[in-house]
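A.B. asks: My structure is below; once you've seen it, I'll send some questions.
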Amino acid sequence: MKLFDFWGGVHPAGQKHLSAEQAIQVLPMPSRLHVPLQQHTGRPAVPAVKVGQTVRKGQLLGREQGGVSASVHAPTSGMIVAIGDFTAPHVSGLPLPTITLESDGEDHWLEREPPSDPFALEPEDVAARIGEAGIVGMGGANFPAAVKLSKARQAKVHTLAVNGAECEPYMTCDDRLMRERAEHIVDGIRLMLHALQAPNAVIAIEDNKPEAVASMKAACQPERHIRVVVVPSRYPAGSAKQLIQILTGLETPAGGRGTDTGVLVHNVGTAYAVHRALRQAHPLISRIITVTGGAVARPQNLEAPIGALVEDLLAFCGGAMEATSRLLMGGPMMGQPLPGTRVPIVKGTNGILALTAAEARLEATPSPCIRCGRCVEACPMGLMPLEMSKRARHDDLDGAEAFGLIDCISCGSCAYVCPSHIPLVQYFEYARGALEARQRAEQKVKETRRLLEQHQARLARVERAKAEAAARRQAEKRQAKAKVGAAA
Amino acid sequence: MSLFPTSAPHAHAPDSVPRLMGLVLLAVAPATLYGIVLFGWPALNLFLVTILACLLCEAVCLRLAGHAVRPFLLDGSALLTGVLLALSLPPWAPWWIGAVGGFFAIVIGKQVFGGIGQNIFNPAMLARVALLVSFPVEMTLWLEPRPLFSSHAPGFLESLTITFGGIPDIDAVSGATILGHIRTELGMARELGQILPGHYQAGTAALGWTGGSLGETADLLVLLGGLWLLWRRVMTWHVPVALLATVLVLAGGFNWLNPERFASPAVHLLSGGLMLGAFFIATDPVTSPTTKLGQLIFGAGCGALVYIIRTWGGYPEGVAFAVVLMNAATPLIDHYVRPRIYGRTWRGQSRPVPERAKRPPVGSGEAE
Amino acid sequence: MIAAVLSLTLLGLALGWVLGLAARYLRVENNPLHEEIQQLLPGVNCGQCGYPGCGGAAEALAASKAPVTLCPPGGPTLVRALAAKLGVAVDRASNSGPPLLAQVNEATCIGCAHCGGRCPTDAIIGAPKQIHGVIQDACIGCGLCVEVCPTECLQLRPVTPVLKNWHWPKPTLSFGV
């Protein structure tokens, strides 16, 4: 199959050897689980349980609300002890509405009958069941999978691109999943193809994972419409936009969707979750996570329940030693710093990374931009990071936008290569946040005007009503006087 | 300064500014050493004075501007400016040429604009142009090589007199560069067939055994250093190749039209510091465009200007002027030459997917 | 030489006369500046700026007597718009802090309902003798309600940051000392 190239990209040290040969271990169920109600793009789920209620494993905890939303389910059986705020796995440390579940140690599943033949179901039904299972994209944006599938079916995509690239350094969860559970992934792919009514699927795996390639090839051997494609390993080949470019040479239109090119991208983990949901009626309540980094005593890949705390995972891996200078959720290129270890893992967590100072290269301090242009070379989106960051630095938000700020995918390639060690991505995140804040402020001004006018209108109405009432009373008085005068 | 918590990415390539500068200095070292050996102790004195002046001025300016001195002084940029400036000076120039040049390069050429990364013009070339225009006599005093430790080379003490006192017997030592010689002779209506023999041989020119500035004679060593930098990915090929190719094409074209009036490409490539300019001076990242296409335009412009100035301009050698002129055009090039954004047209609008392109990437029934 | 002096002087006089004609006959009528500024202001007349109503503030701004950051309910959008209108440079990064919104301390609210009448955007809900509340989305932080509350249960407080509105701060890089 002919492959194309994507622009830019960098070659960070892979560091996958720390955990690539560790088979998936199941994390022992922690005693408490904290399940956030928002683990996806879209509107948060609303609680469907009460404090004090006992729940079974897989029972609905939070119901999706609105068009773009996802449900959350109980990772184990037990009792609901709290519904309220808990620290979000986010750098700000701000709270997130979370349901806290105390495990009863029984791990009792809620009985559910899986469909006997999912392929006999209507595509909409398959998508609906995927939605009921609370499945969201497990590779990045965490978009509700059912909505994505339905929209893609309507857009008549012809190819499902299954993303097994895993281009982030250190991360090996998808690699292990492909090596150990290939048949389940392929089954999930078949189910998704049925939901999409699409003819073909392509599994893209980077060339630094030969075992995974072999394993997946063996699993889809009998299928002629599902094939494995080996893509060159270069970051960010696993980014959806870049993957589409590699497979088809086409570019997702700016402001448009990937499905405009006829291709839908989904992570291998999502395909696996679809298999579990339709074959075993298990909702999405656990996932594979790579716990790794120079500061972790025993790096490995864990199958952990959603809602387990980061400290539970780290403890199982021998603890993160004192030498941790960066604790991240995700890989080193796009990972989020965590405010501490008492935060829950969510559906989109692919890894916990505890880096030592040497690994994170903390000693480098930024210096002025020398306009070398390496960032322009590295940008996979064809942007000019040096110009955008210069304008962001001077709060020229419109100027930064003019250079394509909204098209930035925050992959970090530019900051990776910058010889002056300028925190380019942080400038872009700041500028984007400031632009959104500005938009909100402008909306507020419009709202204020509208409310003021409403207020004035209401007062005017009240005045008019008073005046009319007074006029009527006057008229009645005159009438009454006239009557008395006539009668007299 | 507080940077933590910082956002992603939390990994970094091993590159840094001091490392890049260090690699460039390493690449230019062979040519520098060769030039010093070729022209003796006075050349070494001038070299040291220039570098010292650059570093001193940088330190003073940083202190005056309230910036931290150590990190900027040690990042290698002032040192590199000093080396490149020294390499473009006449080898036996008096010490004050080096000192004034260093001062001009660092203070006027770099710090006044705001320090590293902010200057518009290449500091070394700006200083050279200023020196050439202000002190034409001292800046055009070329001489034949007098290698270190050879019989007619000055000893160390004598060299101190030369650098700090002035050349005692100027007429006995001065000679012309090849380009200078060509220009004067052409001006006297002689032809190249008569001018070149005896003064120019491609072999010796390539090996650097000709009159010229301190570092611009050792073309082969400069070329090797430049190629090494390309291999180490310190810079990309666009500027040097565009510059040299343009000179080659123009020189070749005009030479084919009239071999007696226009010098051959070999003469141009091997003289006047063109190699140094192509690989070490025009490639300065701060003053050259950031995009690849922009760099090609910049290189071509430099090459064209070099040829025009050398052939029809007022000075026999034009690299410094050409580079400074193209530096002025760099902001314009950067403004108009931008890469196309993914998913957008060249005008910046959303780029729709053409219908016929939406064919399946997997051929129906094709086996893996 | 006389010819040169004479011709240039005549040229100068002629062109100056043409400019004068243009100034008189080609003049563009503008709104008075303070009217245009008043269009930009919220029109609440809350008095937080210290001037008599928005009209007074507009006149002070037009006379360059007031800073463009004078109006809290207008927020950063207004600051930018006024700066653009008046050609004033504004320290772009200056955030005078998060916006302030009114909040009712329910423990001390006596239900006197004085606040509801003052609110220019009808952001206060509550019947007489009932505990009142402020609709945060409608509140513009003008402070009129705070002034009349007899028990001081109404306070202007900074908005608590939420995850949705959080964004990375600008990297603070200083290359100096």
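The values are calculated or read from the model by the stated rules, or taken from the named source; none is laboratory data. In this text the structure is predicted, and so the values were computed from the model without any measurement. We place every Cβ from the backbone using ideal geometry, glycine too, and count neighbours over all the protein chains shown.
A.B. asks: Among the residues of region C:162-177, which ones are at pLDDT 80 or above and not polar (S, T, N, Q)?
C.D. replies: The answer is C:VAL162, C:LEU163, C:LYS164, C:TRP166, C:HIS167, C:TRP168, C:PRO169, C:LYS170, C:PRO171.
A.B. asks: Pick from B:PRO42, B:PRO90, B:PRO9: which is in contact with a strand residue (DSSP E or B) (Cβ under 7 Å, 6 or more places away or on another chain) and buried (at least 19 other Cβ atoms within 10 Å of the Cβ)?
C.D. replies: B:PRO90
A.B. asks: Then there is this: Can you tell me which of (1) farther than 29 Å from B:ALA11 by Cα; (2) surrounded by fewer than 16 Cβ atoms within 10 Å (Cβ to Cβ) is the one A:GLU21 doesn't meet?
C.D. replies: Result: A:GLU21 passes all but (1).
A.B. asks: Within region A:454-477, work out how many residues are facing chain C (nearest Cβ under 9 Å) and either surrounded by 16 or more Cβ atoms within 10 Å (Cβ to Cβ) or among the acidic types (Asp, Glu) (or both).
C.D. replies: The qualifying residues number 1.
A.B. asks: Take A:ALA354 and tell me if it is buried (at least 19 other Cβ atoms within 10 Å of the Cβ) and either part of a helix (DSSP H, G or I) or in contact with a strand residue (DSSP E or B) (Cβ under 7 Å, 6 or more places away or on another chain) (or both).
C.D. replies: Yes, satisfied.
A.B. asks: Can you name the residue in region C:133-177 that is under 24 Å from A:GLY433 (Cβ atoms) and part of a strand (DSSP E or B) and is also nearest to the other protein chains (Cβ to nearest Cβ) among such residues?
C.D. replies: Filtering first and then ranking leaves C:PRO158.
A.B. asks: Return yes or no: is A:GLN39 more than 24 Å from the chain's Cα centre (by Cα), of a type in the set (S, T, N, Q) and either at pLDDT below 95 or outside any strand (DSSP E or B) (or both)?
C.D. replies: Taking the combined requirement at face value, the residue does not satisfy it.
A.B. asks: Give me a count of the residues in region A:47-82 that are under 26 Å from C:TRP166 (Cβ atoms), assigned to a loop (DSSP other than H, G, I, E, B) and among the polar types (S, T, N, Q).
C.D. replies: Matching residues across region A:47-82 total 2.
A.B. asks: While we're on this one: Is it the case that B:PHE149 is without any contact (Cβ under 8 Å) to a residue 24 or more places away in the chain, out of contact with any Pro (no Cβ under 6 Å at 6 or more places or on another chain) and on the phi > 0 side of the Ramachandran plot?
C.D. replies: Against the criterion (without any contact (Cβ under 8 Å) to a residue 24 or more places away in the chain, out of contact with any Pro (no Cβ under 6 Å at 6 or more places or on another chain) and on the phi > 0 side of the Ramachandran plot), B:PHE149 qualifies.
A.B. asks: Another question, then. Between A:ALA434, A:ALA441, which is at the interface with chain C (Cβ under 9 Å from one of its Cβ atoms), more than 27 Å from B:PRO285 (Cβ to Cβ) and in contact with a His (Cβ under 8 Å, 6 or more places away or on another chain)?
C.D. replies: Checking each option against the conditions leaves just A:ALA434.
A.B. asks: Just give me the residues in region A:224-246 being within 16 Å of A:MET1 (Cα to Cα) and not hydrophobic (A, V, I, L, M, F, W, C), in sequence order.
C.D. replies: A:ARG224, A:HIS225, A:ARG227, A:PRO232, A:GLN245
A.B. asks: State whether one or more residues within region B:254-276 are on the phi > 0 side of the Ramachandran plot and assigned to a loop (DSSP other than H, G, I, E, B).
C.D. replies: Scanning region B:254-276, I find at least one residue that is on the phi > 0 side of the Ramachandran plot and assigned to a loop (DSSP other than H, G, I, E, B), so the answer is yes.
A.B. asks: Tell me the residue from A:PRO332, A:PRO283, A:PRO305, A:PRO344 that is buried (at least 22 other Cβ atoms within 10 Å of the Cβ) and within 23 Å of B:PRO9 (Cβ to Cβ), please.
C.D. replies: That would be A:PRO332, the only listed residue that is buried (at least 22 other Cβ atoms within 10 Å of the Cβ) and within 23 Å of B:PRO9 (Cβ to Cβ).
For every residue, the table says whether it meets (1) under 19 Å from the mean Cα position of the chain (by Cα); (2) under 23 Å from B:LEU244 (Cβ atoms).
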| site | (1), (2) |
| --- | --- |
| B:LEU325 | yes, yes |
| B:ALA328 | yes, yes |
| B:ASP334 | no, yes |
| B:ARG338 | no, no |
| B:GLY343 | no, no |
| B:GLY348 | no, no |
| B:PRO352 | no, no |
| B:GLU355 | no, no |
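A.B. asks: Is it the case, given these coordinates, that A:GLU359 is more than 8 Å from chain B (Cβ to nearest Cβ) and of a type in the set (D, E, K, R)?
C.D. replies: It is false that A:GLU359 is more than 8 Å from chain B (Cβ to nearest Cβ) and of a type in the set (D, E, K, R).
A.B. asks: Given the structure, is A:MET79 over 24 Å from A:ALA297 (Cα atoms), over 23 Å from the mean Cα position of the chain (by Cα) and within 14 Å of chain B (Cβ to nearest Cβ)?
C.D. replies: Criteria not met by A:MET79.
A.B. asks: Of (1) surrounded by fewer than 24 Cβ atoms within 10 Å (Cβ to Cβ); (2) in a helix (DSSP H, G or I); (3) touching a Leu at 6+ places or on another chain (Cβ under 9 Å), B:MET125 satisfies all except one. Which?
C.D. replies: B:MET125 satisfies all of (1) surrounded by fewer than 24 Cβ atoms within 10 Å (Cβ to Cβ); (2) in a helix (DSSP H, G or I); (3) touching a Leu at 6+ places or on another chain (Cβ under 9 Å) except (1).
A.B. asks: I'm trying to understand the selection: among the residues of region A:240-267, which are closer than 27 Å to A:CYS173 by Cα, β-branched (Val, Ile, Thr) and touching a Leu at 6+ places or on another chain (Cβ under 7 Å)?
C.D. replies: Residues satisfying the conditions are A:ILE244, A:ILE246, A:VAL263, A:VAL265.
A.B. asks: Oh, and also: Under 8 Å between Cβ atoms, at least 6 apart or on separate chains: pull out the pairs that start in region B:328-341 with a residue that is away from chain A (no Cβ under 13 Å) and end on any residue that is of a type in the set (A, V, I, L, M).
C.D. replies: B:ALA328/B:ILE120
A.B. asks: Scan region A:215-256 for residues that are within 12 Å of chain B (Cβ to nearest Cβ) and free of Cβ contacts under 8 Å to residues at least 40 places away in the same chain and report the count.
C.D. replies: Total meeting the criteria: 16.
A.B. asks: Ok, one more. Check every one of the strands (runs of 3 or more DSSP E) wholly within region A:234-345 and list those with 1 or more residues that are at pLDDT 95 or above, out of contact with any helix residue (DSSP H, G or I) (no Cβ under 9 Å at 6 or more places or on another chain) and among the aromatic types (Phe, Trp, Tyr).
C.D. replies: So the answer is none; nothing clears 1.
A.B. asks: As an exercise: evaluate A:ASP85 against (1) part of a loop (DSSP other than H, G, I, E, B); (2) free of Cβ contacts under 8 Å to residues at least 24 places away in the same chain; (3) of a type in the set (D, E, K, R) and give the number of the one condition it does not meet.
C.D. replies: (1)
A.B. asks: For residues that are within 14 Å of chain B (Cβ to nearest Cβ), touching a residue at least 60 places away in the same chain (Cβ under 8 Å) and more than 18 Å from the chain's Cα centre (by Cα), tally how many sit in region A:260-277.
C.D. replies: 3
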